[in-house]
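First, the structure itself, so that you have it in front of you.
The values are calculated or read from the model by the stated rules, or taken from the named source; none is laboratory data. On a predicted model such as this, the values are computed, not experimentally measured, just so you know. Cβ placement follows ideal geometry from the backbone for every residue including glycine, while neighbour counts extend to all protein chains displayed. To get the accessible areas, we keep the full protein, side chains included, count just its heavy atoms, and leave off ligands, DNA and RNA. Shrake-Rupley method; radii C 1.70, N 1.55, O 1.52, S 1.80 Å.
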Amino acid sequence: MRKQGAARRAAPFHDGLGMSTTNDTIVAIATATGEAGLAIVRLSGPGALDVARRLAGARALPREGVRSHLARAATLRDATGEVLDHGLVLPMLAPRSYTGEDVVEFHCHGGALCARRVTGACRDAGARPAGPGEFTRRAFLNGRLSLDQAEAVADLIHAEDELAARAALRQLRGGLRRDVEAIERPLLDLLARLEGGLEFEGDDAAAVAVPRAGLLAVLDAALAALALLLADADAARRVREGVHVVLLGAPNAGKSSLFNALLSQERALVDAEPGTTRDVVAARLHHGGVSFVLHDTAGLRSDGGRVEALGMARAREAAASADVVLLLSELSATSGSDVADAPAGVVVLKVATKADLADPSRREAARREGRLVTSAHGGTGLDELRAALLAAVDGERLREVADLGHAFHERHRHRLAAAREELAALRDEVALRAAPAEVAAGLLAGILAELGEVTGRVFSENLLGEVFARFCVGK
Ligand SMILES: Nc1nc2c(ncn2[C@@H]2O[C@H](COP(=O)(O)OP(=O)(O)O)[C@@H](O)[C@H]2O)c(=O)[nH]1
Ligand SMILES: [Mg+2]
């Protein structure tokens, strides 16, 4: 006799119940607003061809035998016959389209007006304005993209440097999805076998479908693979966001000057008066294929004013979430100028500043102590400092992670980490307490639910809402 609970767990996860329907047709401008050569209006849904035909005519989009992926020139008109634009009409028929539905793109003249009028005419012809990320959401619901691939689309759009873009492209091509699915597959198979075993329980309790040793082997392999994937988490964040570098040091140590010198621009205010910098100023530095986010901070000292104290609190906050802290002190200053204490677990590079003011013996001594000797005036040591930054973050490793498409988000990391924790608990249940198949199956189903949320094999309306909130209209 098949058990109720087991039968429910064995049901496919991707039931899509209560999901938004995709039987209407949506329209949005897919390109950024502003003056440009072109603007693209995108239609998707079962009525896309009909709506588009109302604007472009049956010559451009015949009622029979529309050729997919073939653009035609057309005059676009509204319902009254008023000409809206001359442009291209590009039909992409289901399922070979971005959303998996019939899609039509109008390539209009750029600027706000043509595309807006074309969109309006599409609405008059029966299309509904698309919500944020709705095209990509449909692509996911129609199985064209996994959820992590959909997220990679947003990452690609938001990427600020080549490494982040490369990582997003690889994730979009299925880098992360493949590796997560490779972990899931044996676990899904194990679950099926465990539940298969449960069916016999009533008649023959001895017929255990999976011997314990085999079960442990599968769990151990999954644990190892998850650990490997999670080991990329830190590098993943650095690839996506850039490496956070915080400059700390006493007032007048030369932080703002070094910040500007590294960026080769006068970004932060520099003055001989201590306490000039109060807010944290951030700017990007691209070096060696890695993107660094430099943070200039208020000087740390014990006797600043109230606003300065707030600035110092921000400096400490920034340092707490930094990847690298540059601890600055003047080369010619007497000892004890390292007032800043860097938080644990952060790479700290000690930097001596204003080398041009100190005599050569002093520089030598500082180098021997392992400090990087620099001068913002004249540029001494800046190349060495950039090289040290690159070495500190292991740029090679960041490139590896980008190439694997493993630049996953906090959302993915949380699910993977939860799955690993639950897997370890399941392993203990089986190894130490000889958990019965039914208990193991229950725990395993929970683990697979966690893992499934990475790729969207398991999803809820809430999860989709959370993911697609990051998208803009037209994507
Ligand atoms: N000679 C020399 N003066 C510097 C150098 N870097 C900074 N200064 C001076 O030191 C003072 C404080 O610099 P600033 O960058 O504002 O220090 P911060 O308070 O740590 O941000 C300013 O008068 C700068 O011109 C340097 O490399 N050489
Ligand atoms: Mg400053």
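If you stretched the chain out fully between LEU463 and THR80, how much longer would it get, using 0.36 nm times the residue separation minus the C-alpha to C-alpha distance?
Full-extension gain reported as 133.6 nm.
Out of VAL430, ALA387, VAL454, whose Cα points farthest toward the positive end of the dipole of the chain (charges: +1 Lys, Arg; -1 Asp, Glu; placed on Cβ)?
Value computed over the given set: VAL454.
Using θ = phi - 60° and the Karplus relation 6.51 cos²θ - 1.76 cosθ + 1.60, list the HN-Hα couplings for region 67-74 in order, rounded to whole Hz, with x at every Gly or Pro.
8, 5, 6, 10, 7, 10, 6, 7
Still on this structure, please answer the following. Take each of the peptides 162-171, 428-437, 120-129, average the number of other beta-carbon atoms within 10 Å over its residues, and list them starting from the highest.
162-171, 120-129, 428-437
Ranked from highest to lowest mean number of other Cβ atoms within 10 Å per residue, what is the order of the peptides 248-259, 78-89?
248-259, 78-89
Over region 26-170, one equal point on each Cα, no solvent: what is log10 I(q)/I(0) by the Debye formula at q = 0.09, 0.10 Å⁻¹?
-0.28, -0.35
Test of understanding: what is the full-extension gain from ASP234 to ALA425, defined as 0.36 nm times their sequence separation minus their Cα-Cα distance?
Using 0.36 nm per residue and subtracting the Cα-Cα distance, I get 66.3 nm.
A follow-up question, please. Quick one: if you take sqrt(5λ) for each eigenvalue of the C-alpha gyration tensor of region 238-399, what semi-axes come out, biggest first, whole angstrom?
Semi-axes, largest first: 22, 20, 14 Å.
Still on this structure, please answer the following. Where Lys and Arg each count +1 and Asp and Glu each count -1, what net charge lies around ARG166 among other residues with Cβ under 10 Å from its Cβ?
-1
Can you list the residues, at least 5 places off or on another chain, whose amide H is less than 5 Å from the amide H of HIS244, using H built in the peptide plane?
Those lying under 5 Å, H to H, from HIS244 are VAL293, ASP323, VAL324.
May I ask you to give the percent of accessible area on the chain that is carbon plus sulfur, with a probe radius of 1.4 Å?
Ligands and nucleic acids excluded, carbon and sulfur give 52 percent.
Given H placed on each backbone N at 1.01 Å, which residues far from ARG173 in sequence or on other chains put an amide H within less than 5 Å of it?
For ARG173, whose amide H was placed from the backbone, there are no distant partners under 5 Å.
Just the number, please: percent antiparallel of the DSSP beta bridges in the chain, rounded to the nearest 5.
60
Next question. Give a residue-ordered list of calculated ³J(HN,Hα) values for region 177-187 (Karplus: 6.51 cos²θ - 1.76 cosθ + 1.60, θ = phi - 60°; whole Hz; x for Gly, Pro).
Result, rounded to whole Hz: 4, 4, 6, 6, 5, 5, 6, 5, 3, x, 6.
For a quick check: with amide H placed at 1.01 Å from N, whose amide H comes under 5 Å from ALA30's, ignoring anything fewer than 5 positions away on the same chain?
Amide H neighbours of ALA30, under 5 Å, 5+ apart: ILE40, VAL41, ARG42.
Hey, another quick one. Defining a contact as two alpha carbons under 8 Å apart and six or more residues distant in sequence, what relative contact order in percent does the chain show?
18
So what is the calculated 222 nm ellipticity per residue for the chain, using -39500 (n - 2.57) for each DSSP H run with n of 4 or more, over all residues, to the nearest 500 deg cm²/dmol?
Helix-only estimate at 222 nm: -15000 deg cm²/dmol.
Using Stokes-Einstein with the Kirkwood hydrodynamic radius over Cα pairs, what translational diffusion coefficient do you get for region 102-157 at 37 °C and a viscosity of 0.692 mPa s, in µm²/s rounded to a whole number?
Rounded to a whole number, D works out at 250 µm²/s.
Let me ask something else. Rank HIS286, PRO360, LEU328 by how far each Cα sits towards the positive end of the charge dipole of region 238-399 (+1 on Lys, Arg Cβ; -1 on Asp, Glu Cβ) and give me just the farthest.
Farthest towards the positive pole: HIS286.
Please give the charge dipole size of the chain, origin at the Cα centre, charges +1 on K and R Cβ atoms and -1 on D and E Cβ atoms. Round to the nearest 20 debye.
Once rounded to the nearest 20, the dipole reads 1120 debye.
OK, next. Compute the Cα gyration tensor for the chain, then decide on rounded, prolate or oblate, letting a ≥ b ≥ c be the square roots of its eigenvalues: rounded whenever a/c is under 1.5, prolate when a/b is larger than b/c in the other cases, and oblate in all that remain.
Oblate, because a/c is 1.5 or more while a/b does not exceed b/c.
Taking only protein heavy atoms and a 1.4 Å probe, what accessible area per residue, in Å², does the chain have with all protein chains in place?
Per-residue accessible area for the chain comes out at 47 Å².
Express in whole angstrom the spacing between the alpha-carbon centres of region 409-475 and region 144-189.
So the two Cα centres are separated by 17 Å.
Hand me the GluC sites (Glu not before Pro) from region 348-386 located in a DSSP loop with no more than 14 other Cβ atoms within 10 Å, in residue order please.
Sparse-neighbourhood loop GluC sites (Glu not before Pro): GLU369.
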